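The values are calculated or read from the model by the stated rules, or taken from the named source; none is laboratory data. Keep in mind that this is a model prediction, so the values were computed, not measured. Virtual Cβ from ideal backbone geometry, glycine too; neighbours counted across all protein chains shown.
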Amino acid sequence: MSDEPTPARRLRDAIEPIAMVHVHSEEAREQYAALGLARFAGYVLGRAGTLGLPPTPLVVASFGVFEPEMLSGIYESALTTATVPDVLAAKQAGAVRCLHRVLGEPGRDVEEVVTVLRGGLDRAPLLGKPLFAGLSALDWPGDAWGRLWHAANLLREFRGDAHLAALLGAGIGPIEANLLTEAHVGITTRDYTRTRSWAEADIQAALDDLLDRRLLVSRDGGAVLTERGAQLRHDIEDVTEAALDPVLEGMQHGLDRVVERCTGWSRALRDAGAFPDDDRKLRAG
């Protein structure tokens, strides 16, 4: 196993803060608050709303790693407060305003990057990618920063759909996935998983299962990956990133330029507080 990031991983890490400004930025919070929604409720309805008006079980299934009753309650409550079109508009408006505030007026390089990303996205297969497919049906924003944000979101949802399939194919459930991620990126055991609202008893059961399967081993009050667990996590990443091969091929020779520019923009967003300035958070997807 090599520690050198793959091309697909380099792209993912470069775009993550750009894609997520509609969750973490102050502009996003203001847009959701204007609709009567807390930040997380805006995120849930805005993400689910790319599927139209999906029934609650479809939202739970598509999101994958959140505690189902919590997610169901947030989604159903949000639907009584705001409409899907209004939330989608707020989501985009918050992202665009944040990018303009932090990064200034877009230059030619923004359009160049978007052109390369769209070349890759045009090659991305829809099969088995529900959130990506729903998002791909939306119109592209008219603003240049908006188009970059939309492209980053499309790539993020494509990879997320592929990653969920890879986890399930490896026999890893949602709580186990969170716990393995903690061990993989160095987050204290249970801390990341708790942010997904899982009950302590359920977390412990999943942890016990991973210990029994010798994927994790107890150490210093927490858990770390065994050699077997590290290999499984590596294999899951390989399967996930293999799904992005058509995207990278469609980008032709533009990957390095895209990664360079997006990494710089993402660094500025982290410095401005529009995305958590924590490498573990960046790597947790």
Quiz prompt | Filtered residue count, the range 22-70, keeping only those that are within 22 Å of W198 (Cα to Cα), out of contact with any Phe, Trp or Tyr (no Cβ under 7 Å at 6 or more places or on another chain) and among the polar types (S, T, N, Q) | solution = 1
Quiz item: Within the range 179-199, can one find any residue that is out of contact with any helix residue (DSSP H, G or I) (no Cβ under 8 Å at 6 or more places or on another chain) and not polar (S, T, N, Q)?
Solution: yes
Quiz item: When you go through (1) under 20 Å from the mean Cα position of the chain (by Cα); (2) crowded, with 17+ Cβ neighbours inside 10 Å; (3) in contact (Cβ under 8 Å) with a residue 40 or more places away in the chain one by one for D143, which number turns out not to apply?
Solution: (1)
Exercise. Could you please let me know if P106 is touching a Phe, Trp or Tyr at 6+ places or on another chain (Cβ under 6 Å), surrounded by fewer than 21 Cβ atoms within 10 Å (Cβ to Cβ) and either within 23 Å of L51 (Cα to Cα) or modelled with pLDDT of 95 or more (or both)?
Key: yes
Quiz prompt | Residue match in the range 146-155 (condition: in contact with a Leu (Cβ under 7 Å, 6 or more places away or on another chain) and charged (D, E, K, R)) | solution = no
Practice problem: Determine whether the range 151-170 contains at least one residue that is in a helix (DSSP H, G or I), modelled with pLDDT of 95 or more and either of a type in the set (D, E) or farther than 27 Å from L11 by Cβ (or both). | Solution: yes
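Among the residues of the range 197-204, are any touching an Asp or Glu at 6+ places or on another chain (Cβ under 6 Å) and outside any helix (DSSP H, G or I)? Working first, answer last.
At the first step, the residues of the range 197-204 found to be touching an Asp or Glu at 6+ places or on another chain (Cβ under 6 Å) are 197-198.
With the extra rule that they be outside any helix (DSSP H, G or I), the set shrinks to 197-198.
Yes: one or more hits.
Let's see how each residue does on (1) more than 22 Å from R159 (Cα to Cα); (2) out of contact with any Asp or Glu (no Cβ under 7 Å at 6 or more places or on another chain); (3) not hydrophobic (A, V, I, L, M, F, W, C):
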{"residue": "P17", "(1), (2), (3)": "no, yes, yes"}
{"residue": "A28", "(1), (2), (3)": "yes, yes, no"}
{"residue": "G46", "(1), (2), (3)": "no, yes, yes"}
{"residue": "L58", "(1), (2), (3)": "no, yes, no"}
{"residue": "S72", "(1), (2), (3)": "yes, yes, yes"}
{"residue": "C98", "(1), (2), (3)": "yes, no, no"}
{"residue": "E105", "(1), (2), (3)": "yes, yes, yes"}
Practice problem: Working only within the range 64-82, note down all residues that are at pLDDT 95 or above, within 24 Å of A19 (Cβ to Cβ) and in contact with a Gly (Cβ under 9 Å, 6 or more places away or on another chain). | Solution: A78, A82
Quiz item: (1) in contact (Cβ under 8 Å) with a residue 12 or more places away in the chain; (2) farther than 26 Å from A206 by Cβ: which one isn't true of Y43, the others all being true?
Solution: (2)
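Give me the residue from the range 193-204 that is within 21 Å of S72 (Cβ to Cβ) and of a type outside the set (V, I, T) and, out of that set, surrounded by the most Cβ atoms within 10 Å (Cβ to Cβ). Reasoning before the result, please.
Within the range 193-204, the first condition is being within 21 Å of S72 (Cβ to Cβ), and the residues that meet it are 193-203.
From what's left, of a type outside the set (V, I, T): 194, 196-202.
Values: R194: 13, R196: 18, S197: 14, W198: 23, A199: 13, E200: 10, A201: 8, D202: 13.
Of everything passing the filter in the range 193-204, W198 is surrounded by the most Cβ atoms within 10 Å (Cβ to Cβ).
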Quiz item: Pairs under 6 Å by beta carbon, first residue surrounded by 16 or more Cβ atoms within 10 Å (Cβ to Cβ) in the range 56-85, partner among the polar types (S, T, N, Q) and not in a helix (DSSP H, G or I), six or more apart or different chains?
Solution: E67/S197; M70/S197
